[in-house]
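The values are calculated or read from the model by the stated rules, or taken from the named source; none is laboratory data. Predicted model only: the values in this text are computed from it and were never measured. Here the Cβ positions follow ideal geometry from the backbone for every residue, glycine too, while neighbour counts run over all protein chains shown.
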Number of protein chains: 2
Amino acid sequence: MITILPVTGVAEIRPGDDLGRSLEVALRDLGDADERYRLRENDVVVVTQKVVSKAEGRLVAIDPDDPDAHRALARSEAVRILRRRGDLIISETREGWVCAHSGVDVSNVARGYPALLPEDSDRSARRLHHHLSLAFGVHVGVVVSDTFGRPWRRGLTDVAIGVAGIPALHDLRGSTDAEGRELQVTEIAVADELAAAAELAMGKAAGIPAAVVRGFVPLGPPGSARDIVRPPAEDLFR
Amino acid sequence: MITILPVTGVAEIRPGDDLGRSLEVALRDLGDADERYRLRENDVVVVTQKVVSKAEGRLVAIDPDDPDAHRALARSEAVRILRRRGDLIISETREGWVCAHSGVDVSNVARGYPALLPEDSDRSARRLHHHLSLAFGVHVGVVVSDTFGRPWRRGLTDVAIGVAGIPALHDLRGSTDAEGRELQVTEIAVADELAAAAELAMGKAAGIPAAVVRGFVPLGPPGSARDIVRPPAEDLFR
């Protein structure tokens, strides 16, 4: 069984804040009222990119009345532009993510201060993993999530851009199905599924910045979100 | 809070079986031992494509020793081939899904009998929605899920190919964030997030064909998985 608990009551995050400490305080307050919020071994805390970027000061001042300022910022964060149509830019970031506007986001941040992606989202995840594991005395996995579109399918879903303490992929090579045949499907992007599952509990409008996923069974050693970046040479759509 | 319960104990499904009835029986047996398995209003039952295809007799006999038979079948199920590399074909199905081998799958089915996608996965979902809602006297959403790859990201995730009784997309146009600004992100593919979340509870190797997701709050009227198919004219990668 999987349980996903939204982490409410996190203080508004500002540049320079200790996000691990803010999450810890919110979880302790929630845990005092409801013991399900006390972190357990192998719980996974999914944290939205937006609060990570805010805490890390990844806010950039732009002229909110300049319609091109957002796009210029997206271009400056890109290592490659894949597609452009009207206002939309699909680009590849330094970390290797392909997404709209290099992940530069102007909602849920102060007007005129869009948030860039963290410089190194795996490092951000590792810091939170260490902080929360130490604070609660249990091994806590961390996923930093962001909301990306995809080709061919309408709508956006949350995916992982930072991972610590859990595998990002489950490698099922050599596993067999119920009738003993080797599985065709060899790698499951469990970190992306954890991010998507957490989004269902957080929603988009309420400003809930994190969720605890309980019951996830990791297969294999911890990895990083970089494991999910498909090398361009393997990629049929780049 | 979201809870995801794996539906174990479903009898092996064979062509012509009444899948709704098989799921109902398994859920009643589970519910007798554990009241959490008694379906509640707005529960979403996520069912894997594989058992839906089996029940609907979407199995095709091929020569298991002919290495090209699988690919020939994938080509015959495609309306368009997008990419081809070695053994891999990325193609578009009649329903509009872009995936490997037109969704033709050779794992977890009898050797030499690959399963095609359901003819109309939304119709399959609607039948299960009606059966389970009637059987349990509550409104039950249904998602038929399949495991797809994606460009740019390694690993596969479960997505929705059939939807009934719930919206496939949450349209957030006009919604505002915590500071009153209109959300940039306008459509969330909640059916895909439900499929991904369910996969975490089912896994790939145990042969668990369904999961119950509880706590999902639908925004807007029920839709269908067709809502998720991005029209080719909107698509920058087709």
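Numbers at a glance
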{"read-out": "Test set (1) assigned to a loop (DSSP other than H, G, I, E, B); (2) modelled with pLDDT of 95 or more; (3) within 14 Å of another protein chain (Cβ to nearest Cβ) - B:G180 fails condition number", "value": "(2)"}
{"read-out": "Verdict on B:L116 being within 12 Å of chain A (Cβ to nearest Cβ) and either touching a residue at least 12 places away in the same chain (Cβ under 8 Å) or surrounded by fewer than 18 Cβ atoms within 10 Å (Cβ to Cβ) (or both)", "value": "no"}
{"read-out": "Residue that is farthest from the chain's Cα centre (by Cα) [pool: residues in region B:137-148 that are surrounded by fewer than 19 Cβ atoms within 10 Å (Cβ to Cβ) and touching a residue at least 12 places away in the same chain (Cβ under 8 Å)]", "value": "B:V138"}
{"read-out": "Strands (runs of 3 or more DSSP E) contained in region B:62-143 and holding at least 3 residues among the aliphatic types (A, V, I, L, M)", "value": "B:78-85, B:88-93"}
{"read-out": "Residue in region A:179-193 that is crowded, with 20+ Cβ neighbours inside 10 Å, touching a helix residue (DSSP H, G or I) at 6+ places or on another chain (Cβ under 6 Å) and farther than 26 Å from B:M1 by Cα present", "value": "no"}
{"read-out": "Residue in region A:165-174 that is more than 18 Å from A:H129 (Cα to Cα), of a type in the set (A, V, I, L, M, F, W, C), within 14 Å of the chain's Cα centre (by Cα) and assigned to a loop (DSSP other than H, G, I, E, B) present", "value": "no"}
{"read-out": "B:P151, sole failed condition from (1) in a loop (DSSP other than H, G, I, E, B); (2) in contact with a strand residue (DSSP E or B) (Cβ under 7 Å, 6 or more places away or on another chain); (3) within 7 Å of chain A (Cβ to nearest Cβ); (4) over 26 Å from B:G57 (Cα atoms)", "value": "(2)"}
{"read-out": "Number of the condition not met by B:V159 [criteria: (1) without any contact (Cβ under 8 Å) to a residue 24 or more places away in the chain; (2) at the interface with another protein chain (Cβ under 8 Å from one of its Cβ atoms)]", "value": "(1)"}
{"read-out": "Number of positions in region B:214-238 that are at pLDDT 95 or above and outside any loop (DSSP other than H, G, I, E, B)", "value": "6"}
{"read-out": "A:D29 of a type in the set (D, E), farther than 19 Å from A:L194 by Cβ, more than 11 Å from chain B (Cβ to nearest Cβ) and part of a loop (DSSP other than H, G, I, E, B)", "value": "no"}
{"read-out": "Test set (1) surrounded by fewer than 24 Cβ atoms within 10 Å (Cβ to Cβ); (2) modelled with pLDDT of 95 or more - A:G207 fails condition number", "value": "(2)"}
{"read-out": "Checking B:A78 against (1) crowded, with 19+ Cβ neighbours inside 10 Å; (2) within 12 Å of chain A (Cβ to nearest Cβ); (3) over 22 Å from B:V213 (Cβ atoms), the condition it does not meet", "value": "(2)"}
{"read-out": "Qualifying position, being without any contact (Cβ under 8 Å) to a residue 60 or more places away in the chain and more than 7 Å from chain A (Cβ to nearest Cβ), among B:P222, B:P218, B:P232", "value": "B:P232"}
{"read-out": "Filter result (modelled with pLDDT of 95 or more and either more than 7 Å from chain A (Cβ to nearest Cβ) or over 12 Å from the mean Cα position of the chain (by Cα) (or both)) within region B:195-204", "value": "B:A195, B:A198, B:L200, B:A201, B:M202"}
